[in-house]
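The values are calculated or read from the model by the stated rules, or taken from the named source; none is laboratory data. Quick caveat, the model's predicted, so the values are computed rather than measured. Here the Cβ is made from the backbone with ideal geometry for all residues, glycine too, and neighbour counts use every protein chain on show.
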């Protein structure tokens, strides 16, 4: 059975359940180019009834189907709450099955919320974030002459946090980890080049410069209060 036939068979099964009213293909395989090798297919299924998100993972003919079910009530809540994974998936996903335009309307509303961007973080939150990032760099500097492998590990870990902070400070949706570098390159070439240089010698000064670059237009707060 071909990938296309496997896909169509699974979709037919989902359609058979009268509770399922809409199906969207989301994620990297949403264009459904069956001429390319497809290892996994992600689906959002909107249902009439249900209270919780249900995730079902199936392995069929060496293809992983990752199927997430959301009731209509839950879909409304996730859109109103601007839950990134849902409104991003809905707005960018491909609608392949729809009863009574349910999915079409959710897709439209999700896109409106997604294009508004995330909620702006407060001045105190930004300053706390900067403090935490700089404090992390101190940990690297304290061990840089003792454990080279730990320096590399922590540098990579904190680099991810720094890049995520860039998107948060600039009121942009934070990408998934696997897309951080790609979207950073599109958003800020200077910061991307700094990140690339880090892997040459894992110099913690580069991480520090990245932090100052990201927060350069943010006034320092004289007092930091972090609640754990």
*Is it the case that residue 82 is under 23 Å from the mean Cα position of the chain (by Cα), surrounded by 13 or more Cβ atoms within 10 Å (Cβ to Cβ), not in a helix (DSSP H, G or I) and not assigned by TED's automatic domain parsing to the domain that holds residue 169?*
yes
_strands (runs of 3 or more DSSP E) within the range 1-60 that include 3 or more residues within 20 Å of residue 176 (Cβ to Cβ)_ = 20-26, 40-47
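Conditions tested, residue by residue: (1) assigned by TED's automatic domain parsing to the domain that holds residue 84; (2) at pLDDT 95 or above; (3) under 17 Å from the mean Cα position of the chain (by Cα); (4) buried (at least 16 other Cβ atoms within 10 Å of the Cβ).
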position: 176; (1), (2), (3), (4): no, no, yes, no
position: 179; (1), (2), (3), (4): no, no, yes, no
position: 192; (1), (2), (3), (4): no, yes, no, yes
position: 196; (1), (2), (3), (4): no, yes, no, no
position: 224; (1), (2), (3), (4): no, no, no, no
_Boolean, residue 31 is at pLDDT below 95, in contact with a strand residue (DSSP E or B) (Cβ under 6 Å, 6 or more places away or on another chain) and either assigned by TED's automatic domain parsing to the domain that holds residue 104 or over 19 Å from residue 110 (Cα atoms) (or both)_ = no
_It is to be established whether one or more residues within the range 91-100 are within 22 Å of residue 167 (Cα to Cα) and out of contact with any strand residue (DSSP E or B) (no Cβ under 9 Å at 6 or more places or on another chain)._
yes
*For the subset of the range 38-50 comprising residues that are more than 20 Å from the chain's Cα centre (by Cα) and closer than 21 Å to residue 87 by Cβ, which member is surrounded by the fewest Cβ atoms within 10 Å (Cβ to Cβ)?*
48
*Could you list, in sequence order, all residues of the range 19-37 that are surrounded by 13 or more Cβ atoms within 10 Å (Cβ to Cβ) and either free of Cβ contacts under 8 Å to residues at least 24 places away in the same chain or at positive phi (or both)?*
27, 29, 32
*Which listed residue, of 113, 53, is touching a strand residue (DSSP E or B) at 6+ places or on another chain (Cβ under 6 Å), more than 20 Å from residue 7 (Cβ to Cβ) and either touching a residue at least 12 places away in the same chain (Cβ under 8 Å) or surrounded by fewer than 18 Cβ atoms within 10 Å (Cβ to Cβ) (or both)*: 53
